[in-house]
Amino acid sequence: MQTIQLVVPLFALMTLGYLLKKAQFFSAGFVGDLNRFIFYIALPVTLFLQTSDMSDAFAGAGVAAIMQPITIVSVAIVATLISFRASPARRGPFTQASYRANMAYLGLPIVATVLGDAALGIVAVTIAAGVVTNSVVSVLVLRMNDPDSGGQSPWRRLLDVARNPLIIAIAIGLGFSLTGLSLPGLANETLALLQRVSLPLVLIVVGCSFSFTKVSRRFGVALGAAFLKLAFMPFFAWTVLTWGFEVDGLVRSVIVLMTAMPTAVASQSFAAAFNADEQLAAAAVSFSTLASLVTIPLWIHFLA
């Protein structure tokens, strides 16, 4: 019951975003502007604050940084083998949807609510390692499955990682933490106020991105990707952490929950950039997010 009480308000905000979009309460331009505000300002501020004082979380952050490449690459290999008989245009998006988690827009607010502020330093490092690893693996997967796909240069996509505002904010925050620097009190309070506003807005924007008409056209493939993303990937992470690294407690819960998040919207933009099946990527995002209404509470209960 406690798990339900924690998670239901988060999904209620996503549902609100979806209903407001269906009612055309928000214009397409406003949703786009709000999304840019979140990506370039609100989330970077949140991640900076959570990494600027990590004196008590560096050990757990190290495990998180190692686990992201291990988990992502392992799941990508499994998904690639499963999708071997599919068309080249579908193999890449299917594989990508199986490992690319929505860590910033969903993982951050959900873990913050369920596990509290003590988990957020580890969350930030998990996001940083995930953004880098996801981008590199996605470029490799999409080019490997369809080397003649054309689209944007893979080097351009990788260069975008260095300019990602989330990565920049985390790097600056870690610099503050390592050097012992701190912001003046008024500046810190202002950023903290912005952080409190950002997390509800993130969930509303996620709801605005739902598109269930795309799911029906590629339901079977989206279902397979969702199983790998929502069930196999977090179970793999839990197994490696428990039996390989012998890690438990808060660190394990944070990492497993972050891997249990549904497919990230970025997988759709990567598929489009490499002329792969963008509709399949969109279907995987929407269906996995819908299915996570059930799977995320189950993982929270399992980890409790």
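The values are calculated or read from the model by the stated rules, or taken from the named source; none is laboratory data. On a predicted model such as this, the values are computed, not experimentally measured, just so you know. Ideal geometry is used to build each Cβ from the backbone, glycine not excepted, and the neighbour counts take in all protein chains shown.
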Can you find a residue that is modelled with pLDDT of 85 or more, polar (S, T, N, Q) and surrounded by 17 or more Cβ atoms within 10 Å (Cβ to Cβ) anywhere in segment 169-181? no
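Mind checking whether some residue in segment 14-28 is over 18 Å from the mean Cα position of the chain (by Cα), within 30 Å of ILE172 (Cα to Cα) and not in a helix (DSSP H, G or I)? Explain how you work it out, then say what you get.
Keep residues of segment 14-28 that are over 18 Å from the mean Cα position of the chain (by Cα), which gives 15-28.
Checking which are within 30 Å of ILE172 (Cα to Cα) leaves us with none.
No: zero hits.
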Pick from segment 258-304, criterion surrounded by 21 or more Cβ atoms within 10 Å (Cβ to Cβ) and in contact with a Phe, Trp or Tyr (Cβ under 6 Å, 6 or more places away or on another chain), ranking: nearest to ARG36 (Cα to Cα): SER286
Restricting the search to segment 30-51, which residues are modelled with pLDDT of 85 or more and more than 16 Å from VAL202 (Cα to Cα)? PHE48, LEU49
I want to confirm something. Restricting to segment 150-165 and keeping residues that are modelled with pLDDT of 70 or more and over 14 Å from ASN134 (Cα atoms), which single residue is surrounded by the fewest Cβ atoms within 10 Å (Cβ to Cβ)? ARG163
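Looking at ALA112, ALA65, ALA79, ALA124, which one is of a type in the set (A, V, I, L, M, F, W, C), in a helix (DSSP H, G or I), under 18 Å from ALA271 (Cβ atoms) and touching a residue at least 24 places away in the same chain (Cβ under 8 Å)? I'd like the intermediate steps shown before the answer.
Details: ALA112 fails: under 18 Å from ALA271 (Cβ atoms); ALA65 fails: under 18 Å from ALA271 (Cβ atoms); ALA124 fails: under 18 Å from ALA271 (Cβ atoms).
Just a single option satisfies the conditions, and that option is ALA79.
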Can you work out which of the residues in segment 245-257 that are at negative phi and assigned to a helix (DSSP H, G or I) is surrounded by the fewest Cβ atoms within 10 Å (Cβ to Cβ)? LEU250
Whichever residue in segment 263-281 is in a helix (DSSP H, G or I), more than 15 Å from the chain's Cα centre (by Cα) and among the small types (Gly, Ala, Ser) and, among such residues, is farthest from ALA231 (Cα to Cα): ALA273
